[in-house]
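Let me begin by presenting the structure, written as structure tokens, before commenting on it.
The values are calculated or read from the model by the stated rules, or taken from the named source; none is laboratory data. The model shown is predicted, which means the values in this text are computed figures rather than measured ones. When we count neighbours, we look across all protein chains shown, and the Cβ atoms used for this are built from the backbone with ideal geometry, even at glycine.
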Amino acid sequence: MSLIITNLHVSREQTPIIKGVSLCIEPGELHILTGHNGAGKSTLLNALMANPLYEVTSGSIVLDDVDLTSLPTFARARHGLFLSLQTPPEVPGVPMDDFLRTSLEAITGERPHTLPFERDLQSALGLLRLDPKFAKRSLNEGFSGGEKKRSELLQLLMLKPKYALLDEPDSGLDPDAVGYLIEVISKLREQGTGILLVTHYEHVIDALNPTEIHKLDQGILT
Ligand SMILES: Nc1ncnc2c1ncn2[C@@H]1O[C@H](COP(=O)(O)OP(=O)(O)OP(=O)(O)O)[C@@H](O)[C@H]1O
Ligand SMILES: [Mg+2]
């Protein structure tokens, strides 16, 4: 049981960005990915989630013995992979609670029951100190920078993926919210979620007791 990335090469518009990355993440492990701006961190995470703007030119991605390399995003999500974006988009007209309910249904194949869903939602909102009214607002529309990041964490808590790829979830968070992020990551690890976390912040890394720290430089792990 693990997420195994082997000798991955990724291009964007024919430009090679990731040039042979291998990583293995076990359940409950926390791997940190650091590196300068432009090193390729977001490219790697987007390619792992099958963002069509990124082309995997060679290598493989295997999750718990299932080869995801040629599967589209929704299939990867169904197998338990989750990506929180560095810059979450605004989705007008889609209330957050509807989005979460539909996402859960798409992943599990079953419409979530109202009572347990509401209980989980309120508990996740509480953990992130988000006002319950957020759940009724359109996804990320008009949210502040830090609120958008917390909205990504809300999705993470609700969808309970096997493996989570988190692209700078701490950028733009106030010091209290960084504390909630650390709580969320620790809780997920206890539940067995394997995590690949991109961060630039030493104090976040120190607070999290990671399994391993990787540095990406010009598309290669050093
Ligand atoms: N269409 C493109 N053609 C060529 N190069 C591109 C294209 N799109 C992105 N890049 C380059 O790919 C590199 C990797 O970008 P990426 O967003 O993965 O970096 P990052 O490590 O996440 O940086 P940051 O810390 O700033 O978030 C950058 O140098 C970027 O300019
Ligand atoms: Mg990035």
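Quick notes on this structure:
- Of the residues screened, D217 is one that is surrounded by fewer than 16 Cβ atoms within 10 Å (Cβ to Cβ), of a type outside the set (S, T, N, Q), in contact (Cβ under 8 Å) with a residue 60 or more places away in the chain and within 16 Å of ligand 2 (Cβ to nearest atom).
- Residues that are among the hydrophobic types (A, V, I, L, M, F, W, C), in contact with a Gly (Cβ under 7 Å, 6 or more places away or on another chain) and under 20 Å from Q191 (Cβ atoms) are absent from the range 81-94.
- Selection count where residues are surrounded by 17 or more Cβ atoms within 10 Å (Cβ to Cβ) and either within 16 Å of ligand 2 (Cβ to nearest atom) or not hydroxyl-bearing (S, T, Y) (or both), scope the range 163-177: 9
- Residues that are more than 16 Å from ligand 2 (Cβ to nearest atom) and either of a type outside the set (A, V, I, L, M) or surrounded by fewer than 19 Cβ atoms within 10 Å (Cβ to Cβ) (or both), drawn from the range 138-147: S138, N140, E141, G142, F143, S144, G146, E147
- Verdict on F117 being at pLDDT 95 or above, in a helix (DSSP H, G or I) and under 17 Å from the mean Cα position of the chain (by Cα): no
- Cross-chain or 6+ apart pairs with Cβ under 8 Å, the range 178-202 first and of a type in the set (K, R), then in a strand (DSSP E or B): R189/L30; R189/I195
- Within the range 19-47, being within 25 Å of A207 (Cβ to Cβ), more than 13 Å from ligand 2 (Cβ to nearest atom) and of a type in the set (A, V, I, L, M) holds for L23, I25, L30, I32.
- Tallying residues that are of a type outside the set (K, R), touching a residue at least 24 places away in the same chain (Cβ under 8 Å) and over 14 Å from G172 (Cβ atoms) within the range 132-147 yields 6.
- Unique match (being farther than 21 Å from K215 by Cβ, touching a residue at least 12 places away in the same chain (Cβ under 8 Å), within 16 Å of ligand 1 (Cβ to nearest atom) and surrounded by fewer than 17 Cβ atoms within 10 Å (Cβ to Cβ)) among P89, P72, P95: P89
- Test: Q122 is in a helix (DSSP H, G or I) and in contact with a strand residue (DSSP E or B) (Cβ under 9 Å, 6 or more places away or on another chain): no
- Within the option set R111, R129, R150, being among the charged types (D, E, K, R), more than 16 Å from ligand 2 (Cβ to nearest atom), farther than 22 Å from V198 by Cα and without any contact (Cβ under 8 Å) to a residue 40 or more places away in the chain holds for one residue only, R111.
- R12 being touching a Ser or Thr at 6+ places or on another chain (Cβ under 9 Å), under 30 Å from E118 (Cα atoms) and modelled with pLDDT of 95 or more: no
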